[in-house]
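Engineer: Dropping the structure in here first, questions after.
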Amino acid sequence: MDDPTSRSRFRPEATSKPREISVTLHVNGEQRTLAVAPWTTLLDALRDRLHLNGTKKGCDHGQCGACTVLIEGRRVNACLTLAVMKDGAHITTIEGLSADGALHPLQQAFIDHDAFQCGYCTPGQICSAAGLLAEGKAKTADEIRELMSGNICRCGAYPNIVAAIQQAMGAMGSKS
Amino acid sequence: MTYIGTPTPRVDGRAKVTGSAQYAGEFTAPDLVYGSVVTSTIAKGRIARIDASQALAVEGVLDVLTHENRPKMASGDKGYNDEVAPTGSPFRPLFDDKIKFNGQPIALVLAEEWEISRFAATLVQVDYDAETHSTDLHTRIDKAYMVEKPDKPRGNAAKAHAAAAVRHEAEYYIPIEHHNPMELFASTVTWNDGGKLTVFDKTQGVQNVQRYICGIFGLKPDDVRVMSPFVGGAFGSGLRPQYQVVLAVQGALQLKRAVRLVLTRDQMYGLGYRPATIERVAIAARNDGTLDAITHEAIAMTSQYEEFSRNDTSWSALLYKSANAKYEHKLARLDVPTPSDMRAPGAATGVYALECAMDELAVALKLDPVELRLRCYSDRDQNNDLPYTSKQLKECYRKGAEAFGWAKRTPEPRSMRDGTDLVGWGMATGVWEALQMPMGNRIVLTANGHAEVSCATSDIGTGTYTIMAQVASDALGLPIDNVTVKLGDSSLPHSQVEGGSWTAASVAYAITTTADEIRRELLALAQKMPGSPLAGLKHDDVVLSDGMIVAKAAASRSVPLADAMRHGGVERIEREKLSEFKEDNKHARNTHSAIFVEVKVDEQLGVIRVTRAVNAVAAGRIINTKTAASQIMGSVVWGIGMALHEETLVDHAFGRVMNANIAEYHVPVNADVHDIKVIFVEEPDSTVNPLGIKGVGEIGIVGVAAAVANAVYHATGKRVRDLPITIDKILG
């Protein structure tokens, strides 16, 4: 076995970590107050502090869409949003989409159409689709494709994602 | 109820759509520490000095591990071996001061919070003694060498080429491609009392990782448990243990605390990848479209420390009837990390070249591309002169062409239009192996009619959970809701890594053979009941169905399994078995496909869209028509990416990846993908294995890039042989 022994370390004057700021987030209908450093993204606050791991980290650069959540009903990349910017905001994550154990029509449609494989991009796809439906802009398959292109699915379930969104659109449209 | 062959929804679907499925970087512990990696900025040389003092001075930083102070590691290559490792000397993270590639991990910062570790990692100062490096395959072609003796040539290819009526020869190129699974590579290691480790890892082989970690750190198998209940995509990148698991274990051993290490997207470009490969194909044909000779030579890149070599070339000699054939595979060593398997390794690249060459030959012969392939169709494996267990490729051509509307194609390039777009129709053949591996399985059946089925395999999105539940439900005669599947845990019965499209066939066989033993036990119990309606019957005379043991000859002769177990005073029956396939050297085992693609090309802008694709696949019995179709669909998307988008760009001056992110490394997005139709051609096969399963993870991508390239030629008259086919190559 190789065993390096030089463990001596020079410790210069300490750099202190940033001061934490109190933030109140309304997450999935629940008020959560937490102290976060200014450099903490909403994504890391959700995952590491509130243990809501349904919101995924796929790139941390706003390139993949896996971290999509709804803020005041609009879809947002949580990795490009600092938690301190969202004091008082109402946030819905994948965990808050289903109520009392009943799946949201999009969640059911994703299962019905096998609109995922590994499942990692899925919460972001579903939250993004919920935002898309609320926007009311997408009517055709081509419009869904275009407006869902911020959410990458490396498993390549895109045609099934479009079919699932169309199903949910129909189901939710007929309800209203 | 029969589940095999049905579109059963994923049994883990609910967990995935509600966000409750937990991936490697999401497990936690009260004493969790966060890690961040520092990577090298040179491609070759050594670390002259590494100074972590500034990083250590940051409040919340617990330690910085480098080659100078990391925990003990094995000193020989053997300690770093893994079951998928190629020949060579495996990479050892933080072992010494040597730099073998740009992006190599050289330090691990451990801190109370992730943001602190990330910040502190930027403060680690490194001085290098750099050496001249080489990362460009094109400059090392003359240094390429043969690693394995090539397959035996047939006849005399050179002579046949010289005498050929029609000859096509060309060079094709596939760049470096990265898997880019959506989940970042991650490991969470918990340090438990007495130093036992639980490792949550992003891997396709929990037992492979367990052996690897034990080998490196001199740990006992009982002290290391590796788990991966959910894997956010892998496509081959998780076959070998990756460096983050070594670093996370180093951190946990050092601090005696739990450590989570999640790589960044750009750091994942320092892991494995599809190697850049130059493919030279020559085909000699007669005027009637039969072939006289095929020659295929591949030159691929590998690292300085391992020889990663996959079969690119012998597909050419396998697929089409040709009396003469010759192939060789060479490697060029570069100062890069070792390449790795990536969806259909060898075939995605080798068959791309072959199928483009066949298209070029069809043009030269003025033959329809499908017709050319039918004229040199082979019912036998040409390499080994063996019959196939089954081969319904002709049916793939027929059904695929029919569904696509191929008959309406006009052969001349630029002859089809849709408004201002040029329209191109192209096709290609796909081929992959039907592999199978020894696999363990445990079934626990309880008298309440519930079964737990377990195996250390993984589900990387392929649908393993679901097909295991389906096969067990059918074999045990239980509703699928009464079956629980456990996988992704090194403490479960034996499994090879999950790859090569072998998991479905292997795990299904393991479940049915284990269920056979359960049935034997149940029958014995039932026959002990007074006046048993199953008296005198043998094990093969009964089946399990609807919670009962039923005589095959007369359904009225049956005993509920709960009655049989309770009468015998048995609450649970547990059986574990390692199932191995009988060796069969008399048959070739392959899957096949025919892929048809429509592209539309904007004549002014050169923008290419794949508007339609039909992939007709012959892969034996399909266990789940829903999840299998998703696999093929996803593979077609991969083929589109390979053809039009994907390319890892290296700045050879620095030997460093320039587009190490998921915005500049282009993968297909929703708007890039249109209609994809998947057809499974009937292919009954009682020879390959009892259930006739061949696997579908790979076959769907093979040939797709060629079909797209051939369609682009048909649309534009422009033959682009180096991938990806980007706008500049169309307009240039």
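The values are calculated or read from the model by the stated rules, or taken from the named source; none is laboratory data. As the structure is a computational prediction, the values presented were derived from the model and not from experiment. Cβ placement follows ideal geometry from the backbone for every residue including glycine, while neighbour counts extend to all protein chains displayed.
Engineer: Which residues, taken from the stretch A:114-156, are out of contact with any strand residue (DSSP E or B) (no Cβ under 9 Å at 6 or more places or on another chain), free of Cβ contacts under 8 Å to residues at least 40 places away in the same chain and either in the same structural domain as A:HIS61 (by TED's automatic domain parsing) or part of a loop (DSSP other than H, G, I, E, B) (or both)?
Structural biologist: Scanning the stretch A:114-156 gives A:GLY136, A:LYS137, A:ALA138, A:LYS139, A:THR140, A:MET148, A:SER149, A:CYS153, A:ARG154, A:CYS155.
Engineer: Need at least 3 residues that are within 14 Å of another protein chain (Cβ to nearest Cβ) per element, so show me which strands (runs of 3 or more DSSP E) inside the stretch B:563-669 make the cut, counting only ones lying wholly within it. If you could, list the steps in order and put the result at the bottom.
Structural biologist: On the way: elements: B:572-579, B:590-602, B:608-618.
Output list reads B:608-618.
Engineer: Moving to a separate point now. Which of (1) without any contact (Cβ under 8 Å) to a residue 60 or more places away in the chain; (2) surrounded by 20 or more Cβ atoms within 10 Å (Cβ to Cβ); (3) not basic (Lys, Arg) does B:LEU110 not meet, given it meets every other one?
Structural biologist: (1)
Engineer: Still on this structure, please answer the following. Starting from the stretch B:31-60, take each residue that is within 14 Å of chain A (Cβ to nearest Cβ) and touching a residue at least 12 places away in the same chain (Cβ under 8 Å) and list its partners that are part of a helix (DSSP H, G or I) and charged (D, E, K, R), counting only C-beta distances under 6 angstrom and pairs at least six apart or across chains.
Structural biologist: B:SER36/B:ARG118
Engineer: Here is a check on your reading of the model: is B:ASN615 assigned by TED's automatic domain parsing to the domain that holds B:ALA709, modelled with pLDDT of 95 or more and surrounded by fewer than 20 Cβ atoms within 10 Å (Cβ to Cβ)?
Structural biologist: So B:ASN615 fails the test.
Engineer: I'm trying to understand the selection: among the residues of the stretch B:547-563, which are exposed (fewer than 15 other Cβ atoms within 10 Å of the Cβ) and charged (D, E, K, R)?
Structural biologist: If the condition is that a residue be exposed (fewer than 15 other Cβ atoms within 10 Å of the Cβ) and charged (D, E, K, R), then B:LYS552 is the only one that fits.
Engineer: Do you know which residues across the stretch A:23-49 are touching a residue at least 24 places away in the same chain (Cβ under 8 Å), more than 8 Å from chain B (Cβ to nearest Cβ) and either in a loop (DSSP other than H, G, I, E, B) or among the hydroxyl-bearing types (Ser, Thr, Tyr) (or both)?
Structural biologist: Scanning the stretch A:23-49 gives A:THR24, A:ASN28, A:GLY29, A:PRO38, A:THR41.
Engineer: Can you tell me which residue in the stretch B:450-469 is surrounded by the most Cβ atoms within 10 Å (Cβ to Cβ), limited to those that are among the small types (Gly, Ala, Ser) and assigned to a strand (DSSP E or B)?
Structural biologist: Our first condition is that a residue be among the small types (Gly, Ala, Ser); within the stretch B:450-469, this holds for B:451, B:454, B:456, B:458, B:461, B:463, B:469.
Pick out the ones that are also assigned to a strand (DSSP E or B) and you get B:451, B:454.
Working: B:ALA451: 24, B:SER454: 20.
Applying the filter and picking the extreme gives B:ALA451.
Engineer: Separate question: Has the stretch A:98-107 got at least one residue that is in contact (Cβ under 8 Å) with a residue 12 or more places away in the chain and within 19 Å of B:THR627 (Cβ to Cβ)?
Structural biologist: Of the residues in the stretch A:98-107, the ones in contact (Cβ under 8 Å) with a residue 12 or more places away in the chain are A:104-107.
From what is left, the residues that are within 19 Å of B:THR627 (Cβ to Cβ) are A:107.
Looking through the stretch A:98-107, at least one residue is in contact (Cβ under 8 Å) with a residue 12 or more places away in the chain and within 19 Å of B:THR627 (Cβ to Cβ).
Engineer: Output the residue which, of all residues in the stretch B:389-417 that are of a type outside the set (A, V, I, L, M) and closer than 24 Å to B:ILE283 by Cα, is farthest from the chain's Cα centre (by Cα). If you could, list the steps in order and put the result at the bottom.
Structural biologist: Quick first cut of the stretch B:389-417, residues of a type outside the set (A, V, I, L, M) only: B:389-392, B:394-400, B:402, B:404-406, B:408-415, B:417.
From what's left, closer than 24 Å to B:ILE283 by Cα: B:391, B:394, B:396-397, B:411-413.
Details: B:LYS391: 22, B:LYS394: 26, B:CYS396: 23, B:TYR397: 25, B:PRO411: 35, B:GLU412: 37, B:PRO413: 35 Å.
Filtering the stretch B:389-417 for residues that are of a type outside the set (A, V, I, L, M) and closer than 24 Å to B:ILE283 by Cα, the one farthest from the chain's Cα centre (by Cα) comes out as B:GLU412.
Engineer: For the stretch A:157-176, give me each residue that is at pLDDT 95 or above and either basic (Lys, Arg) or not in a helix (DSSP H, G or I) (or both).
Structural biologist: Listed by number, the list holds a single entry, A:ALA157.
Engineer: Still on this structure: Which pairs turn up if I take residues in the stretch B:74-97 that are under 21 Å from B:LEU331 (Cβ atoms) and touching a residue at least 60 places away in the same chain (Cβ under 8 Å) and look for partners that are of a type outside the set (Ser, Thr, Tyr) and in a loop (DSSP other than H, G, I, E, B) with beta carbon separation below 6 Å, at least 6 apart in sequence or on another chain?
Structural biologist: Final answer for the pair search is B:TYR80/B:PRO90; B:TYR80/B:ARG92; B:ASP82/B:ARG240; B:ASP82/B:PRO241; B:VAL84/B:LEU239; B:VAL84/B:ARG240; B:VAL84/B:VAL497; B:PRO86/B:PHE308.
Engineer: Suppose we filter the stretch B:115-137 for residues that are surrounded by fewer than 21 Cβ atoms within 10 Å (Cβ to Cβ) and either within 13 Å of chain A (Cβ to nearest Cβ) or without any contact (Cβ under 8 Å) to a residue 24 or more places away in the chain (or both); how many remain? Show your work before the answer.
Structural biologist: Step one: of the stretch B:115-137, the residues surrounded by fewer than 21 Cβ atoms within 10 Å (Cβ to Cβ) are B:118, B:122-123, B:125-132, B:134, B:136.
With either within 13 Å of chain A (Cβ to nearest Cβ) or without any contact (Cβ under 8 Å) to a residue 24 or more places away in the chain (or both) added as a condition, the list becomes B:118, B:122-123, B:125.
Final tally of qualifying residues: 4.
Engineer: Of B:THR420, B:THR484, B:THR429, which residue is at pLDDT below 95 and out of contact with any Phe, Trp or Tyr (no Cβ under 6 Å at 6 or more places or on another chain)? It would help to see each step written out before you state the result.
Structural biologist: Values: B:THR484 fails: at pLDDT below 95; B:THR429 fails: at pLDDT below 95.
Of B:THR420, B:THR484, B:THR429, the one residue that is at pLDDT below 95 and out of contact with any Phe, Trp or Tyr (no Cβ under 6 Å at 6 or more places or on another chain) is B:THR420.
Engineer: On to the next question. Kindly indicate the residue of the stretch A:145-171 that is in contact with a His (Cβ under 7 Å, 6 or more places away or on another chain) and crowded, with 24+ Cβ neighbours inside 10 Å and also nearest to the other protein chains (Cβ to nearest Cβ) among those meeting that condition. Spell out how you get there, then give the answer.
Structural biologist: Going through the stretch A:145-171, the residues in contact with a His (Cβ under 7 Å, 6 or more places away or on another chain) turn out to be A:160, A:163-164, A:167.
Filter once more, so that each one left must be crowded, with 24+ Cβ neighbours inside 10 Å: A:160, A:164.
On the way: A:ASN160: 7, A:ALA164: 10 Å.
The extreme case among them is A:ASN160.
Table: residues versus (1) in contact with a Cys (Cβ under 8 Å, 6 or more places away or on another chain); (2) outside any strand (DSSP E or B); (3) in the same structural domain as B:PRO221 (by TED's automatic domain parsing).
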residue: B:TYR128; (1), (2), (3): no, no, yes
residue: B:HIS138; (1), (2), (3): no, yes, no
residue: B:PRO150; (1), (2), (3): no, yes, no
residue: B:ALA158; (1), (2), (3): no, yes, no
residue: B:HIS161; (1), (2), (3): no, yes, no
residue: B:HIS168; (1), (2), (3): no, no, no
residue: B:GLU171; (1), (2), (3): no, no, no
residue: B:SER187; (1), (2), (3): no, no, yes
residue: B:GLY194; (1), (2), (3): no, yes, yes
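Engineer: Is it the case that the stretch B:8-15 has a residue that's over 30 Å from A:TYR120 (Cβ atoms) and either within 10 Å of another protein chain (Cβ to nearest Cβ) or in contact with a helix residue (DSSP H, G or I) (Cβ under 6 Å, 6 or more places away or on another chain) (or both)? Outline the logic, then answer.
Structural biologist: Restricting attention to the stretch B:8-15, the residues satisfying the condition of being over 30 Å from A:TYR120 (Cβ atoms) are none.
No: zero hits.
Here is a yes/no grid of residues against (1) surrounded by fewer than 24 Cβ atoms within 10 Å (Cβ to Cβ); (2) closer than 22 Å to A:GLU146 by Cα; (3) aliphatic (A, V, I, L, M); (4) facing chain B (nearest Cβ under 8 Å):
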site	(1), (2), (3), (4)
A:ILE71	yes, yes, yes, no
A:MET85	yes, no, yes, no
A:THR92	yes, no, no, no
A:LEU103	yes, no, yes, yes
A:HIS113	yes, yes, no, no
A:THR122	no, yes, no, yes
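Engineer: Is it true that some residue in the stretch B:525-536 is assigned to a loop (DSSP other than H, G, I, E, B) and buried (at least 18 other Cβ atoms within 10 Å of the Cβ)? I'd like the intermediate steps shown before the answer.
Structural biologist: Of the stretch B:525-536, the ones assigned to a loop (DSSP other than H, G, I, E, B) are B:528-536.
Within this subset, residues satisfying the condition of being buried (at least 18 other Cβ atoms within 10 Å of the Cβ) are B:532, B:534.
Scanning the stretch B:525-536, I find at least one residue that is assigned to a loop (DSSP other than H, G, I, E, B) and buried (at least 18 other Cβ atoms within 10 Å of the Cβ), so the answer is yes.
Engineer: Can you pull out every residue in the stretch B:21-30 that is of a type outside the set (Ser, Thr, Tyr), over 28 Å from A:SER16 (Cβ atoms) and either surrounded by 20 or more Cβ atoms within 10 Å (Cβ to Cβ) or more than 7 Å from chain A (Cβ to nearest Cβ) (or both)? Outline the logic, then answer.
Structural biologist: Looking only at the stretch B:21-30, we keep the residues that are of a type outside the set (Ser, Thr, Tyr), and these are B:21-22, B:24-27, B:29-30.
Filter again for over 28 Å from A:SER16 (Cβ atoms), leaving B:21-22, B:24, B:26-27.
Passing the criteria: B:ALA21, B:ALA24, B:GLU26, B:PHE27.
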